[in-house]
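Shown next, in structure tokens, is the structure this report addresses.
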Amino acid sequence: MGTLFLVATPIGNLEDITLRALRVLRKVALIAAEDTRHTRKLLAPFAITTPLTSYHEHSGPARTDALVAALAQGDIALVSDAGTPVLSDPGQALVRAALAAGHAVIPIPGPSAAITALVASGLPTDQFTFLGFLPRRSAGRRALLARFTQARETLIVYEAPHRLLACLDDLLAVLGDRNATLARELTKVHEEFRRGRLSALRAEYDGGDAPRGEFTIIISGAEPVVEQETEEARERRAIEHIQVLLASGMGVREAAVEVARLTGLPRRQVYRLALDASAEDITSIAADGHIDQ
């Protein structure tokens, strides 16, 4: 039983290919490539002569079945034109078919435009959602983005240069003017990161050169909704602070100054609350019989 290897390849800089990837590409019986011409250029500098066959988004079920049949004779490596295969690239049908036929599927990790852009974006990386390429039409894009208007995690989007401006317009309209990073030509000589508000990034292209190269867009998540604290709630919070400070031995005036600073309430208002709290403490002590009336 052969193994299907999912081999990540460089997204631009050839030096990013891993030693393990080179070893696997040399030893497998066949490499299934999104574009065989592109992959030959990748393999040539490393003197890899493994036979190639095409496997792309227009490959039908017959090609998938043929590759699964070939797995019975030996190992196969699946590669895309750049980055990690199957991730917004062809290959999912082949992975499912190989697993269903009982073959092992082993990833050979490496470059990914999404992760490369994310870690250098300056935006939160602890939680994120990868949306891949958005729908081609504005209505479809807006409908998809509407599902994430309240999502707190960072969003990652791929976009073609000829749709970039329309995509930015839709991001602004649906998500609002959030912080974002536009990344293009990653790991290449003309690698570029543009960081700022979506409105400012969109404005940079007004009257300028048309966008070039595929873009990875990183967008900050929704800001948490801060509920307006009522006056009554602020006073309750102030009283709690006052009670703690008075119990620690702090005087009424000192406690009022400190709590006014903490809560933002007027000092005179806090002083009145402190006097009331102090009087309540004295009354409570008297009721317990610890002081003479």
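The values are calculated or read from the model by the stated rules, or taken from the named source; none is laboratory data. Because the structure is a prediction, the values reported are computed rather than measured. Cβ sites come from the backbone with ideal geometry, for glycine too, and all protein chains shown count toward neighbours.
With respect to THR53, is the statement that it is polar (S, T, N, Q), farther than 23 Å from LEU134 by Cα and not assigned by TED's automatic domain parsing to the domain that holds LEU134 true? If you could, list the steps in order and put the result at the bottom.
Working: polar (S, T, N, Q): yes; farther than 23 Å from LEU134 by Cα: yes; not assigned by TED's automatic domain parsing to the domain that holds LEU134: yes.
Yes; evaluated as a whole, the condition is true for this residue.
Could you tell me which numbered condition PHE148 fails, if it satisfies all but one of (1) touching a strand residue (DSSP E or B) at 6+ places or on another chain (Cβ under 7 Å); (2) within 15 Å of PHE215 (Cα to Cα); (3) outside any strand (DSSP E or B); (4) not small (Gly, Ala, Ser)?
(2)
From the list ARG234, ARG202, which residue is over 26 Å from ALA139 (Cα atoms), out of contact with any strand residue (DSSP E or B) (no Cβ under 8 Å at 6 or more places or on another chain) and basic (Lys, Arg)?
On the way: ARG202 fails: over 26 Å from ALA139 (Cα atoms).
Selected residue: ARG234, the only one of ARG234, ARG202 that is over 26 Å from ALA139 (Cα atoms), out of contact with any strand residue (DSSP E or B) (no Cβ under 8 Å at 6 or more places or on another chain) and basic (Lys, Arg).
Pairs please, first residue from the range 92-113 and within 14 Å of ALA72 (Cβ to Cβ) and free of Cβ contacts under 8 Å to residues at least 60 places away in the same chain, second anywhere and β-branched (Val, Ile, Thr) and surrounded by 15 or more Cβ atoms within 10 Å (Cβ to Cβ), Cβ atoms under 8 Å, 6+ apart in sequence or on different chains.
Pairs found: ALA97/THR64; ALA97/VAL68; ALA101/VAL68.
Given the criterion crowded, with 17+ Cβ neighbours inside 10 Å, in contact (Cβ under 8 Å) with a residue 24 or more places away in the chain and hydroxyl-bearing (Ser, Thr, Tyr), identify the matching residue among SER80, SER138. Outline the logic, then answer.
Working: SER138 fails: crowded, with 17+ Cβ neighbours inside 10 Å.
Within the list SER80, SER138, the selection yields SER80.
Quick check, is THR125 over 18 Å from LEU198 (Cα atoms), outside any loop (DSSP other than H, G, I, E, B) and of a type in the set (Ser, Thr, Tyr)?
Values: over 18 Å from LEU198 (Cα atoms): yes; outside any loop (DSSP other than H, G, I, E, B): no; of a type in the set (Ser, Thr, Tyr): yes.
Taking the combined requirement at face value, the residue does not satisfy it.
Take the residues of the range 187-240 that are aliphatic (A, V, I, L, M), outside any loop (DSSP other than H, G, I, E, B) and closer than 30 Å to VAL257 by Cβ: which is modelled with the lowest pLDDT?
Step one: filter the range 187-240 for residues aliphatic (A, V, I, L, M), giving 189, 198, 200-201, 203, 210, 217-219, 222, 225-226, 233, 238-239.
Then keep just the ones that are outside any loop (DSSP other than H, G, I, E, B); that gives 198, 200-201, 203, 217-219, 233, 238-239.
Subset that is closer than 30 Å to VAL257 by Cβ: 233, 238-239.
Working: ALA233: 82, ALA238: 86, ILE239: 88.
For the range 187-240, the residue satisfying everything is ALA233.
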